[in-house]
Each structure stands twice: as structure tokens, then as C-alpha cells.
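Colleague: Right, I'll just put the structure down here and ask away after.
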Amino acid sequence: MRSSDFIKMVLAGLGASLLGGCLLSETPILDATNGRATPIKPGAYIACPLNDDADASDCSELIVSHNSSGLYRFEKADEKPSLFRFRKIARRGYAVQTTEDSDDSYMYYYGQRVGRRFRLTMMMCADLPATLRDDLIASGDLSSEDDDFETCVVNTLKGLSWAAKAYHRGDAGGDETDSDNAVLELTSADASE
């Protein structure tokens, strides 16, 4: 699976090995009927990875827009845009799907509004609570071909939503600034903070 420029930016300084444990699918789980949330206002943003090794040189400017169906475009100058869909799963919490324009593979994030900022956390299969992951795999909502959960395939909206809710509750992942987590924070370029 090839990773998008946006995903490469998210992983800057975090190590490409993180891609091995994420939630993926070959078909979109979110579409215009179930992924219409618009939690980010269109405009210019500064996107910075949150980890111990990140500095200002790891940040990038993005232009964010969306259409009437809720399909977002995150565009970095001179690079192919990444497409996003958001589904609200809780107050200020979202299941997020991303792909490149015309790509046929999808990755999943947990999105969270934090004040005037928006954070995207790559959801990792191994970081899901074991009982939840096992239940979702047993019911066919997720699937994995290995015991280490190097990769989990999202098969249903329930699988995606429940994984995102685990992140929202703090039951999955770890400290947001932990260098092992792929977290990207978007701040409006116009913000006077």
C-alpha cells in the first residue's frame, strides 16, 4: 500500500514502521451518506506532528476545503491532495477516513477538537483494548491476519466507530505527545494564539 503525502507528513519524525500497525481498508467505510461531518472550517492551517522529536521544520501549511457532501481536501503546495471524511462519534470526537485522490486504499484516524485546534491520531490496531479488538474481529467488523495485529482491516462502520470511540474514551493509544503515537495537530494559520 502506498502512503499519501499527507500520511508521510504525519509520520515525519515518527518512523515509517508505524504504518504497519494502523487500521486500513481497500474500500471506503465512510461515504457521502455516513461521513458528512464538517468539524474543520475551510482555510489555511499549520499542521505539526506532536511528538518529542518534532520541531517547527516538521510543520507544513495546508489548505483545507470541503464540498457539500462533506468530502474534505487537504492540500499541501505542489503535492497531490489527500481526501478526508469525518463521522461524529461523540462530542468533539470523530472517526476519520483518508485517502489520496484516485487512490484505492484508506487509512483511519481518530479526530478530536481541542479548543481551536484539531488533532488527528492514527488509530493503531494493537493499541485497541484487547477485548474490544477480539470482539470486533469475532463479529467480522475488523480482521487481522496475524497475532501481533500488525495490520487490521476495517470491514464495517461499526468496526470503525467502536475503534474511534475507544480512542475518544482514552481506552486506546497513549499519551497524545508520546513519540510512539502518530498525532498531527492543525491550527488555523489565522489564529492569533
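Colleague: Starting with the fewest neighbours, write out Val96, Val153 ranked by other beta-carbon atoms found within 10 Å of each beta-carbon.
Modeller: Val153, Val96
Colleague: Rank-order 77-89, 140-152 by packing density, defined as the average count of other C-beta atoms within 10 Å over each peptide's residues, highest first.
Modeller: Peptide ranking by packing, descending: 77-89, 140-152.
Each reported figure results from applying straightforward, stated rules to the coordinates on display, with no laboratory input. The model shown is predicted, which means the values in this text are computed figures rather than measured ones. Using ideal geometry, Cβ is built from the backbone for each residue, glycine included, and neighbour counts are taken over all protein chains shown.
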